[in-house]
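A.B. asks: This is the structure, below, for whatever I ask next.
The values are calculated or read from the model by the stated rules, or taken from the named source; none is laboratory data. Every value quoted in this text rests on a predicted model; they were computed, and no experiment measured them. No Cβ is skipped: glycine too gets one built from the backbone with ideal geometry, and neighbour counts run over all protein chains shown. Surface areas here come from the heavy atoms of the whole protein model, side chains and all, with no ligands, DNA or RNA. Shrake-Rupley method; radii C 1.70, N 1.55, O 1.52, S 1.80 Å.
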Amino acid sequence: MIEKDTVRLLRECDAGVKMGVSSIDDVLEYTSDRELKKLLSDCKDEHEKLNRELQELLEKYKDEGKEPNPIAKGMSWMKTNMKLTLNESDSTIADLITDGCNMGVKSLNKYLNEYKAADEVSKDICKRLINLEEKLAVDIRKFL
């Protein structure tokens, strides 16, 4: 049971990290404020570091990980492009990223509770990813 929950939690973290990086990539080029751009870039770098750790662990369990849900990814992309078309501003970007962070935190906490038997290393990665998302949402509030 431990290994099964561990792999499932790692997969969800893998999908979450990929979704986070993709979302930041979708808005980064539209960001005009240097500080906001740096916050987003730094967070993306941290996501990519976590992703490397995740890939090593998934490889250890001989698992290929998980891609973000294509429907969720498509809906996110559409929402981002529609909102930025109507109002290409740092405020819009902060709003979109905050929504994404909140959804990520909610989902990851759900999986952390669901896969209780996961090993501590996997739980730690999940908690670090949750903290990254929470911190970014707080850091960009001043741009809302």
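A.B. asks: Criterion first (within 20 Å of Ile130 (Cα to Cα), open to solvent by less than 70 Å² (accessible area, probe 1.4 Å) and within 15 Å of the chain's Cα centre (by Cα)) does Leu57 satisfy it?
C.D. replies: No; evaluated as a whole, the condition is false for this residue.
A.B. asks: Has region 117-128 got any residue that is within 15 Å of Leu54 (Cα to Cα), without any contact (Cβ under 8 Å) to a residue 40 or more places away in the chain and open to solvent by 80 Å² or more (accessible area, probe 1.4 Å)?
C.D. replies: Looking for residues that are within 15 Å of Leu54 (Cα to Cα), without any contact (Cβ under 8 Å) to a residue 40 or more places away in the chain and open to solvent by 80 Å² or more (accessible area, probe 1.4 Å), one finds at least one in region 117-128, hence yes.
A.B. asks: Residues being charged (D, E, K, R), open to solvent by 100 Å² or more (accessible area, probe 1.4 Å) and at pLDDT below 90: count how many of those fall in region 60-100.
C.D. replies: Residues meeting the conditions: 0.
A.B. asks: Looking at Asp63, Asp33, which one is more than 15 Å from the chain's Cα centre (by Cα) and in contact (Cβ under 8 Å) with a residue 60 or more places away in the chain?
C.D. replies: The unique qualifying residue is Asp33.
A.B. asks: Based on this model, can you work out whether Met103 counts as open to solvent by 60 Å² or more (accessible area, probe 1.4 Å) and over 13 Å from Gly16 (Cβ atoms)?
C.D. replies: Against the criterion (open to solvent by 60 Å² or more (accessible area, probe 1.4 Å) and over 13 Å from Gly16 (Cβ atoms)), Met103 does not qualify.
A.B. asks: Also: Just for helices (runs of 4 or more DSSP H) wholly inside region 61-144: which have at least 3 residues that are within 17 Å of Cys13 (Cβ to Cβ)?
C.D. replies: Filter on region 61-144 gives 90-114, 120-139.
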